[in-house]
Amino acid sequence: MSTLTIPVKSTFKGSQSFDFKVDKSFLEEFGNESLLDTACDVHVDEEKKGSWIEVLCKIKGSVVVECDRCLDPLPIEVDQEQLLVVRFDSDPDSVEEDDDNVLILPEDQTELDLGQTVYDFICLSIPIVKVHPEGQCNPDMMARLKAMSGAGTQENSPFSGLK
């Protein structure tokens, strides 16, 4: 269970703020081994507006992944801001909501666990191609890759017969 929980039923009209820190132990809860480490600050602004609540999550810090090219650790900056709207319903499973940023909770729920949401936001901030800037990859690995690419000369290529 995540430690990123905020109260939702005891919220009076107005706003509240919460600050959390996430680290490697937070990532271990989700079992994603491609994320090696993280150090992020999470700031949550919660504002009650009538029968619903706006939750603004701001995540700032860094996450460490493996470089796709040289396999060395690669730090990536995380700077995400996402607005969630929390609504309550007696039967939340029956409510069809097209907006991914709207959470429908049971009327008797008193807290909102933002762990999965923060984890998703961190994962969405990671680019598809994760490589060091040109010239910053591990030189030993780059030399090995260059040697391996030279081994497939035109004579040994499986496509040489197509010429």
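The values are calculated or read from the model by the stated rules, or taken from the named source; none is laboratory data. Worth saying up front: this structure is predicted, and the values here are computed from it rather than measured. Quick reminder, even Gly has a Cβ in these numbers, built from the backbone with ideal geometry, and neighbours come from all protein chains shown. SASA here: full protein model, heavy atoms, side chains in, ligands and nucleic acids out. Shrake-Rupley method; radii C 1.70, N 1.55, O 1.52, S 1.80 Å.
Largest accessible area first, the listed residues Phe30, Phe121 line up as Phe30, Phe121 when surface is computed with a 1.4 Å probe on the assembled protein chains.
How many angstrom lie between the C-alpha centres of the range 1-77 and the range 100-119? So the two Cα centres are separated by 13 Å.
For a Förster distance of 35 Å, can you work out the FRET efficiency between the beta-carbons of Phe18 and Asn138, rounded to the nearest 0.05? Efficiency at R0 = 35 Å is approximately 0.30.
Proximity of backbone amide H atoms, modeled 1.01 Å from N, is registered between Asp37 and Val64 at under 5 Å, excluding neighbours fewer than 5 places apart on the same chain. The amide H of Val131, built 1.01 Å from its N in the peptide plane, has Asp68 as neighbours under 5 Å, considering only residues 5 or more places off or on other chains.
Which lysines, on any chain, are close to Lys9 with Cα under 18 Å apart, when same-chain ones fewer than 8 places away are left out? Partners found: Lys48, Lys49.
Residue ranking by accessible heavy-atom surface, 1.4 Å probe, largest first, among Val8, Val102 comes out as Val102, Val8.
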